[in-house]
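The values are calculated or read from the model by the stated rules, or taken from the named source; none is laboratory data. Since this is a predicted model, take the numbers as computed values, not measurements. Cβ placement follows ideal geometry from the backbone for every residue including glycine, while neighbour counts extend to all protein chains displayed.
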Amino acid sequence: MTDLSAAHDAAVTDRARLAGSAYNGDRDLAARQSLYQWQTPRYDLPGLVAEQLGDVRGRVVDIGCGNGKFIQRLRQDRPDLSLLGLDIAPGILAGVPGPVAVADGTRLPLAAGSVDAALALHMLYHVPDIPQAVRELARVVARGGLVVASTNSDRDKAELDDLWHRAAGDVLGVERGPARISLSARFSLEKAPAFLGEEFRQVEVIELPGTITVRDPEPVIAHMASYRAWADQQDVPFDATIDRARALVVDDIARNGAYEITCLGGILVCRR
Ligand SMILES: C[S@@+](CC[C@H](N)C(=O)[O-])C[C@H]1O[C@@H](n2cnc3c(N)ncnc32)[C@H](O)[C@@H]1O
């Protein structure tokens, strides 16, 4: 069990895998982002982040900006801000409106105190040395500046973990198959305040609970299949498990009229 989670941690933070496979384009990230359109209540996450930046003027850096969902929104809502997107995966930056650069969150190419706010959204769990990335956030943000981070709870989408156990078990012919890899476990909503509290005097957690309800299995299966970059970590044939999961969701929908997933994400608003 310990070995399995250590191997999972190494795979979740492996730069070659992140840049070359998981985020070499935005297909898999977009599949995960788009599942939230079936969530109640619906949170406008880019709008919530823009709201937190209400008093910020000047320079904002989005570290691990991915496909630029937040940068695009800020360009629209806050044309006064000077925005910079950074990510370790060159492939995912292709469609992001510039300026953007390839950079690592643990070694930011920015001078001390040179930005008025920094975003680290759903990315700190991928960083091998989380305390070092938090120190870098604190270093580059000017005194009085703001950091907004985000992540998911350890309890987020527990139904998908259970679905994976069931599907993997059926594929392997055992009662309960191996665990699905957890991307956010290293920096979950429960762990994040302690990491951020090392460098920031104030850390406010805004929880965003909700329920995703679908009547078509495909968005759920696309979310599950978006973990394909970690297929070799699963100790079960990946595609066969995805196919079995689809059949189980089809059954659940036939029986209950819908398939539900409980979600808990959150944003952390930090001040130095
Ligand atoms: C789950 S995506 C989140 C993207 C975006 N922030 C969002 O919330 O939609 C994680 C992103 O962090 C990037 N990333 C992972 N490790 C990183 C690191 N050490 N430095 C900078 N970016 C990193 C990945 O390449 C990926 O684009």
Worksheet item: Before we move on, is Asp26 under 23 Å from Met224 (Cα atoms), in contact (Cβ under 8 Å) with a residue 24 or more places away in the chain and either surrounded by 14 or more Cβ atoms within 10 Å (Cβ to Cβ) or within 11 Å of the ligand (Cβ to nearest atom) (or both)?
Response: yes
Fill in: Residues satisfying the stated conditions in segment 103-123, i.e. more than 12 Å from the ligand (Cβ to nearest atom) and either surrounded by fewer than 21 Cβ atoms within 10 Å (Cβ to Cβ) or farther than 23 Å from Pro46 by Cα (or both)
Leu110, Ala111, Ala112, Gly113, Ser114, Asp116
Discussion item. Just to be sure before I move on: is Ala7 away from the ligand (no atom under 16 Å from the Cβ), more than 16 Å from the chain's Cα centre (by Cα) and under 24 Å from Ala225 (Cα atoms) in the structure I sent?
Written reply: yes
Worksheet item: Can you name every residue in segment 36-60 that is within 16 Å of the ligand (Cβ to nearest atom), out of contact with any Gly (no Cβ under 8 Å at 6 or more places or on another chain) and part of a strand (DSSP E or B)?
Response: Val60
Fill in: Breaking point among (1) free of Cβ contacts under 8 Å to residues at least 24 places away in the same chain; (2) crowded, with 18+ Cβ neighbours inside 10 Å, for Val147
(1)
Item to complete: Return the residue satisfying two criteria in turn: it lies in segment 79-96 and is at pLDDT 95 or above and of a type in the set (Gly, Ala, Ser), and of such residues it is farthest from the ligand (Cβ to nearest atom).
Response: Ser82
Worksheet, complete the sentence: Cβ pairs under 8 Å, 6+ apart or interchain, first in segment 156-169 and within 15 Å of Ile212 (Cα to Cα) and assigned to a helix (DSSP H, G or I), second of a type in the set (D, E, K, R) and modelled with pLDDT under 95, ordered by first then second residue, are Leu160/Arg180; Asp161/Arg180
Item to complete: Assess whether His126 counts as being touching a residue at least 60 places away in the same chain (Cβ under 8 Å), in contact with a strand residue (DSSP E or B) (Cβ under 7 Å, 6 or more places away or on another chain) and within 8 Å of the ligand (Cβ to nearest atom).
Response: no
Response to the item:
Per the filter on segment 246-259, residues surrounded by 15 or more Cβ atoms within 10 Å (Cβ to Cβ) and touching a strand residue (DSSP E or B) at 6+ places or on another chain (Cβ under 7 Å) are Val249, Asp252, Ile253, Tyr259
Worksheet item: When only residues in segment 195-230 that are touching a strand residue (DSSP E or B) at 6+ places or on another chain (Cβ under 7 Å) and either free of Cβ contacts under 8 Å to residues at least 24 places away in the same chain or among the basic types (Lys, Arg) (or both) count, which is nearest to Val249 (Cα to Cα)?
Response: Gly197
Discussion item. Considering only segment 196-212, I want to know if a residue exists there that is within 16 Å of the ligand (Cβ to nearest atom), of a type in the set (Gly, Ala, Ser) and either over 19 Å from Thr13 (Cα atoms) or surrounded by fewer than 14 Cβ atoms within 10 Å (Cβ to Cβ) (or both).
Written reply: no
